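K.L.:
What follows is a structure written as structure tokens; I'll ask about it next.
Where a number appears in this text, it was derived from the coordinates with a stated rule and is not lab data. What you are looking at is a predicted structure, and each value in this text was computed from that prediction instead of being measured. Quick reminder, even Gly has a Cβ in these numbers, built from the backbone with ideal geometry, and neighbours come from all protein chains shown.
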Amino acid sequence: MEGKLAHQPAASAPAAVSGRSIATRAKLISVAEMLFATRGVQAVSLNEINKAAEQRHGSACQYHFGNKDGLIQAILDKHVPPIAEQRNVLFDAMEREGGAPRLEQVVRAFVRPVAAKLLDPDGGKEFIRLNAQLVATHSAPVGAEVQVLFRAPQTGRLHRMLELAMRQRKIPPHVSARRLILAAVMLYHGLADYSHVLEATGGLDPEQVEHFSRDLEAMILGALVAPFDKREQADGK
């Protein structure tokens, strides 16, 4: 899930972190990714995660992450920064070209680094499936003063580039805000559902992921620039 800044989840890791503690946190995160992705966030308890991660202490998750929200935040903190780094490379190239970014370029930067996670063996597919559960309820319109549950501060540049590109297409801000939520839903649900299809038909294949990513970019672009009720432009509703 990639949303606006929000209130802090419960406490994360202790300040003094040993090598053993780092390994324990990593194992808990890995197990939680798998369980959340396969069974759903609401259906999985911290106790189940502790047992599946073979922790002797029944409160290991609580010690390292505070609560379930803190654990989910740790999963996002693992995956979102590398996605943001890849996007920034693309955004830097756009800015070197000069002028306003084209929406087609920004949509590509929005989709491709996330789609690449399907092929990341270190919980990438699970991260996408987790976000498909979170995106509709824990996202906020770009620019909206709305609190959401989890932090994703590395996505600020993406939001700015999307807003700028949408303005170039003369799409009113209130229409743009709705459509950018829809774009996030399409991205994560599309990739999550397609990953299930690919697994059922022989596994994730880089060429298939590439073709689907291109189709997904085209569909998201079409949704963002689709005709809208011109009365909204006049009355701002």
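K.L.:
Pairs of alpha-carbon atoms within less than 8 angstrom and 6+ residues apart define the contacts here; what relative contact order does the stretch 62-126 have, in percent?
P.N.:
That works out to 25 percent.
K.L.:
Between Glu95 and Ala23, what is the spin-label point distance in nm, taking each point 7 Å from the Cα along the Cα→C-beta axis?
P.N.:
With each label point 7 Å from Cα toward Cβ, the separation is 4.1 nm.
K.L.:
If I model a spin label at Asn67 and Glu104 as a point 7 Å from the Cα along the Cα→Cβ vector, what separation in nanometres do I get?
P.N.:
4.7 nm
K.L.:
Now, a different point. Return the subset of Lys51/Lys78; Lys170/Lys230; Lys27/Lys68; Lys78/Lys117 for which the Cα-Cα distance in this structure is over 18 Å, preserving the input order.
P.N.:
The pairs that break the limit, which is 18 Å between Cα atoms, are Lys51/Lys78.
K.L.:
Calculate the tail of P(r) for the stretch 79-235: the fraction of all Cα-Cα distances greater than 18 Å, expressed in %.
P.N.:
For the stretch 79-235, the share of Cα pairs beyond 18 Å comes to 60 percent.
K.L.:
Still on this structure, I have one more. Quick check on the exposure proxy: order Glu126, Glu199 from fewest to most C-beta atoms within 10 angstrom.
P.N.:
Values: Glu126 23, Glu199 11.
Listing Glu126, Glu199 from fewest to most nearby Cβ atoms yields Glu199, Glu126.
K.L.:
Given a Förster distance of 35 angstrom, what is the FRET efficiency for Asp120 paired with Lys230, based on the Cβ-Cβ distance and rounded to 0.05?
P.N.:
Once rounded, the FRET efficiency stands at 0.20.
K.L.:
Find the percent of Cα-Cα distances in the stretch 171-220 that exceed 17 Å, and round it to a whole number.
P.N.:
I get 42 percent for the Cα pairs in the stretch 171-220 exceeding 17 Å.
K.L.:
Hey, with R₀ at 35 Å, roughly what FRET efficiency would Arg56 and Leu182 work out to, going by the Cβ-Cβ distance, to 0.05?
P.N.:
0.15
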